[in-house]
Ligand code: B12
Ligand code: SF4
């Protein structure tokens, strides 16, 4: 199908992110997240405060979908590209140890190895994760060029030795209907498109290889522009026109307004099988579910790091709102590396294991708001605010790796869909998923070369 | 550990409740054995009996065996910097906890000039990153023999040993390894690696010098054979390296081998492979590409195996974009999920505050508390810091979850008598607790100032807002 992505391309892509110019380095740890340039006095404006607090929310509240743009997918289609410029130091032949220096050992040394057989264990689970399809092609009454399938696992993530991994995790990139607050390293990649959600969406797909995009209708927030639902959803129509991938539609995070906004969005996206983000415990989830069922969409069930709450909300969606099982995805909340990733990882791992063990209120695909990683000061600050720390090094390199490690860790807990923002983080995670699932062939010629090589 | 209930341990104990172990009862001691916060040898009466009586000795040995970790624990290095690796019990951290954090060894090679070697070593020993109340530091060195010259290798091993950190010695040539062991064996280095080609010589070295040894083989049958052979020859301190292949199908295979080794040991209880696992992210430096690509890939490989079961790792890069994320991830994965990390609530005096200095409030979640405390110190801000007991929950979650409330603020103000220590009545609350501003003012009668969202910005905030304009 799509163009094959080679190692060269990959490396060229990575090179673009090589230590960028650091002209604006200020060692004062000043926050790069600006809100339209205004200095915000929190104590004076509660409205602005909650806007700021929404920062976490809307970066995060990006709920996305996925698919495989095989573009970046088959990345390293390389047999052995490792004719490295390393001085070839040949492995020395095992030398015979001169007998006179050897102390006579008390134990009689064996002449040959004792034979042993390693029988690899196999683990089977009684349960499975539901498969959820996002997007609808013409054949199914939509206009998408492809669909994205999430979930379907019968084993832990990438345990292909237990069961094949039916679908790889998909990546959706966040798009906003108003200029958002972004860390600088992220912002530079979207500066040219922030004014136009449809151009923005195109860039995510064409340039950065997103499987899907999420359009966040943040401007509907009553504390911001308070755009009426009927007007806000025009952006959804634009985006559906601009890109042909499955899409996710997010609200502003406002509990009162979101049901109305998502209902309207469901209507204009009729037949496209989008994901509506999100239904939460403290809002009118029923209304969102009704809209999803009426127009054939998927609902994201979002709870805040609590397996029991997740189970409860899923149960409501299933039993009270009668959502079909193939139309629910869960977001159990993502915390960044160093800022609660341990909780997020364990919460998701427990949810996934419960699903595999047969808990049919928890066996849905998992989505992660990985963009949250940019909330960690290690990702965006120019340098450590603490004197004792070894200098933190260029943030251009720290930021993306913070998003990568956050996402990678959670992928091992079972995440099926990532909502992300930094293009390099997107590219690297795709590569990892392809390799772990066996889609990327190739290997290094000699895995022991590092032992002797002068790196 | 084989025993599953405290009662099973209790049956082996003297059952006198003599308290010598520091616990009130033998039963309590038994339950601490089970969660591994106490060691069998802490029961002194039991040890004394064993010294005098063969039967008691047998009983003690049996108990040690029954309570020993599923994965063998291996010590690398000596003295206060010695590292324990392995010793794990479970496959998923929520089932208990992971115990000994993956040991990070950093690359030094002997064909590097001495000055460069010192530079690298200095950087490793002086590295620190503040996190949750303490500095994270790096564990040790991996000294590679790239010269293939026994003399040079020994010289460099000795030099690096001078930095006082645990070491892995890396050479497949037994002659080189022997020459280094001659000078640093007393530092208890981990020797890397016995392979199908050199195992006889390495077995001899491990026995002669009493050092822990890494066995390296991609074929798990062979790896197990090596382990069984070494064990039956008397080598107990074994580490398994199933060979790290950095990319493509190789990486997929590595993932499978590491997971299967650990599952075999824990699910099937196969003692022949129940040893710590070595993974070598440094192998990423053998792929093609620029330095950033390689360093990123090294971080990717390391992260994957910090989450899944590596007990020791060899890194090449000492750059922050490799070191910082991997150190942080290791900390996160290895924190004990059973206890939220928290500090004692109460009042802290920061930089000898005067009665005119501001009063701040934060939570007793360790990550929050130490971040705030350090930000205040670094910015040289004098002030009074109230620490609220939110049961180890951070600001935003405790506000949302009802553990940070106006009435608890009032109680804390009363308990700490902060009103007697300052002349003003201004309380600075975290930006993320802004919604409590009115409620706290109503409850306490203090004027509440909403601080910045991140305590790292308190310095700028203070310049503008303190002292408050009447
Ligand atoms: C980890 C986490 C948890 C963990 C908590 C672990 C812990 N020990 O704290 C767990 C899983 C237990 C948890 C539970 C809940 N959580 Co929670 N959680 C998070 C998460 C992911 C990270 C929070 C964190 O640790 N931050 C790092 C610490 C260091 O930050 P901090 O404490 O705020 O401190 C900083 C600032 O506040 C400031 N600061 C601190 N003190 C001071 C003092 C002064 C004077 C100043 C000026 C500044 C200042 O500087 C510090 C350094 O930057 C966030 C989402 C996110 N990505 O931020 C959600 C989040 C905070 N949780 C949330 C919620 C709703 C909850 C729950 C209520 C969910 C539920 N329904 O059960 C519960 C409540 C728990 C309880 N019983 O109280 C929401 C809060 C939404 C809101 N704004 O109201 C968040 C934002 C998630 C979300 N987007 O919805 N959570
Ligand atoms: S020292 Fe031994 S005998 Fe004494 S209380 Fe502790 S466990 Fe019981």
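For (1) without any contact (Cβ under 8 Å) to a residue 12 or more places away in the chain; (2) surrounded by 23 or more Cβ atoms within 10 Å (Cβ to Cβ); (3) within 11 Å of chain A (Cβ to nearest Cβ), each residue gets a yes or a no:
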site: B:110; (1), (2), (3): no, yes, yes
site: B:114; (1), (2), (3): no, no, no
site: B:132; (1), (2), (3): no, no, yes
site: B:144; (1), (2), (3): no, yes, yes
site: B:150; (1), (2), (3): no, no, yes
site: B:157; (1), (2), (3): no, yes, no
site: B:164; (1), (2), (3): no, no, no
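Return yes or no: is residue B:408 modelled with pLDDT of 95 or more and in contact with a strand residue (DSSP E or B) (Cβ under 9 Å, 6 or more places away or on another chain)?
yes
Go over the candidates A:347, A:363, A:372 one by one and state the one that is part of a loop (DSSP other than H, G, I, E, B) and either away from ligand 2 (no atom under 16 Å from the Cβ) or crowded, with 24+ Cβ neighbours inside 10 Å (or both).
A:363 is the lone residue from the list that is part of a loop (DSSP other than H, G, I, E, B) and either away from ligand 2 (no atom under 16 Å from the Cβ) or crowded, with 24+ Cβ neighbours inside 10 Å (or both).
Looking at (1) surrounded by 24 or more Cβ atoms within 10 Å (Cβ to Cβ); (2) within 9 Å of another protein chain (Cβ to nearest Cβ), can you tell me which one residue A:415 breaks?
It is condition (2) that residue A:415 fails.
How many of the residues in the range A:427-441 are assigned to a helix (DSSP H, G or I) and at the interface with chain B (Cβ under 7 Å from one of its Cβ atoms)?
4
Identify all residues within the range B:281-319 that are at the interface with another protein chain (Cβ under 7 Å from one of its Cβ atoms) and either within 18 Å of the chain's Cα centre (by Cα) or within 28 Å of residue A:116 (Cβ to Cβ) (or both); write none if there are none.
Just the residues of the range B:281-319 that are at the interface with another protein chain (Cβ under 7 Å from one of its Cβ atoms), to begin with: B:282-283, B:285-290, B:292-293, B:296, B:299-300, B:303-304, B:307-308, B:316, B:319.
If the condition is that a residue be at the interface with another protein chain (Cβ under 7 Å from one of its Cβ atoms) and either within 18 Å of the chain's Cα centre (by Cα) or within 28 Å of residue A:116 (Cβ to Cβ) (or both), then B:283, B:299, B:303, B:304, B:307, B:308 are the ones that fit.
Taking residue A:333 as meeting all but one of (1) assigned to a helix (DSSP H, G or I); (2) under 16 Å from the mean Cα position of the chain (by Cα), write down the number of the exception.
With (1) assigned to a helix (DSSP H, G or I); (2) under 16 Å from the mean Cα position of the chain (by Cα) applied to residue A:333, the lone miss is (1).
Determine which member of the set A:314, A:308, A:326 is under 30 Å from residue B:368 (Cβ atoms) and away from ligand 2 (no atom under 16 Å from the Cβ).
Only one candidate qualifies: A:308.
Of the conditions (1) at negative phi; (2) near ligand 1 (Cβ under 10 Å from one of its atoms); (3) surrounded by fewer than 21 Cβ atoms within 10 Å (Cβ to Cβ), residue B:402 fails just one. Which one is it?
(1)
When you scan the range B:97-154 for strands (runs of 3 or more DSSP E) that lie fully inside it, which ones turn up with 2 or more residues that are under 17 Å from residue A:452 (Cβ atoms)?
The strands (runs of 3 or more DSSP E) meeting that bar are B:103-109, B:140-144.
All but one of (1) within 14 Å of chain B (Cβ to nearest Cβ); (2) over 24 Å from residue B:91 (Cα atoms); (3) surrounded by fewer than 21 Cβ atoms within 10 Å (Cβ to Cβ) hold for residue A:196; state the number of the condition that does not hold.
(1)
Go through the range B:4-28 and report how many residues are away from ligand 2 (no atom under 11 Å from the Cβ) and loosely packed, with under 15 Cβ neighbours inside 10 Å.
Total meeting the criteria: 4.
Report whether or not residue B:433 is over 17 Å from residue B:346 (Cα atoms) and more than 9 Å from chain A (Cβ to nearest Cβ).
Yes; evaluated as a whole, the condition is true for this residue.
Take the residues of the range B:29-64 that are within 8 Å of ligand 2 (Cβ to nearest atom) and out of contact with any helix residue (DSSP H, G or I) (no Cβ under 7 Å at 6 or more places or on another chain): which is farthest from the other protein chains (Cβ to nearest Cβ)?
Looking at the filtered set, the residue picked out is B:45.
In the range B:354-386, which residues are part of a strand (DSSP E or B) and closer than 25 Å to residue A:306 by Cβ?
B:362, B:363, B:365 - these are the residues of the range B:354-386 that are part of a strand (DSSP E or B) and closer than 25 Å to residue A:306 by Cβ.
Taking only the range B:217-260 into account, find how many residues are more than 8 Å from every other protein chain (Cβ to nearest Cβ) and in a loop (DSSP other than H, G, I, E, B).
Qualifying residue count for the region: 6.
Within the range B:79-87, is there a residue that is away from every other protein chain (no Cβ under 14 Å), in contact with a helix residue (DSSP H, G or I) (Cβ under 8 Å, 6 or more places away or on another chain) and more than 16 Å from ligand 1 (Cβ to nearest atom)?
no
The values are calculated or read from the model by the stated rules, or taken from the named source; none is laboratory data. The model shown is predicted, which means the values in this text are computed figures rather than measured ones. Cβ sites come from the backbone with ideal geometry, for glycine too, and all protein chains shown count toward neighbours.
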